[in-house]
Amino acid sequence: MSTASTTRGFHLHAYRASDQAVVVECHGKLTLEHAPQLRNKVRTLIPDEKRVVLDFKEVPFMDSSGLGALVTLYVSCRTRGCKLELINVSAALRTLLGMTNLLSLFEHAGRYGGKLP
């Protein structure tokens, strides 16, 4: 399973990392223009997955729409028995998640360059 989708400077690449997890690599700024793309992509994965991991290694910036998309996806995953995780979150995005009290929702958000848990 490997899928990619692109919208003017922002793109996603999804692949199966293990029997239990699908990774969605995010590339570009997660803003108002691109948040729906992330939301729609992950929502298609939730029914068939136990774990969805968002890899933010290539996300330099996120605005309030990006934060809203993460919260929406977290709730959607949780209500369907799926776990949503973040990895490779930059220090700037980690600070943003901390300031908005969202960091605690994503246990692995501090892991940068690490392997999938």
Task: Cβ pairs under 8 Å, 6+ apart, first in the stretch 49-67 and free of Cβ contacts under 8 Å to residues at least 60 places away in the same chain, second open to solvent by 20 Å² or more (accessible area, probe 1.4 Å) and acidic (Asp, Glu) - done: Asp55/Glu25; Lys57/Glu25; Glu58/Glu25
Open item on the list: Is it the case, given these coordinates, that Leu73 is at pLDDT below 95 and surrounded by 13 or more Cβ atoms within 10 Å (Cβ to Cβ)?
Closed with: no
Task: Matching residues, the stretch 19-44, being open to solvent by 10 Å² or more (accessible area, probe 1.4 Å) and within 21 Å of Arg80 (Cβ to Cβ) - done: Asp19, Gln20, Pro36, Gln37, Arg39, Asn40, Lys41, Arg43, Thr44
- [ ] Go over the candidates Leu86, Leu105, Leu67 one by one and state the one that is open to solvent by less than 60 Å² (accessible area, probe 1.4 Å), more than 23 Å from Tyr15 (Cβ to Cβ) and modelled with pLDDT under 95.
- [x] Leu105
Task: Single residue of the stretch 45-64 satisfying the filter (among the hydrophobic types (A, V, I, L, M, F, W, C) and surrounded by fewer than 20 Cβ atoms within 10 Å (Cβ to Cβ)) that is nearest to Met99 (Cα to Cα) - done: Phe61
TODO: Exactly one condition in (1) closer than 23 Å to Ser104 by Cα; (2) out of contact with any Cys (no Cβ under 9 Å at 6 or more places or on another chain); (3) among the hydrophobic types (A, V, I, L, M, F, W, C) is not met by Leu84; state its number.
DONE: (2)
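The values are calculated or read from the model by the stated rules, or taken from the named source; none is laboratory data. Note that the structure is a prediction, hence the values are computed from the model and not measured. As a convention, Cβ positions derive from the backbone with ideal geometry for all residues, glycine included, and neighbour counts pool all protein chains shown. Protein only, heavy atoms only, side chains kept; ligands, DNA and RNA dropped before computing areas. Shrake-Rupley method; radii C 1.70, N 1.55, O 1.52, S 1.80 Å.
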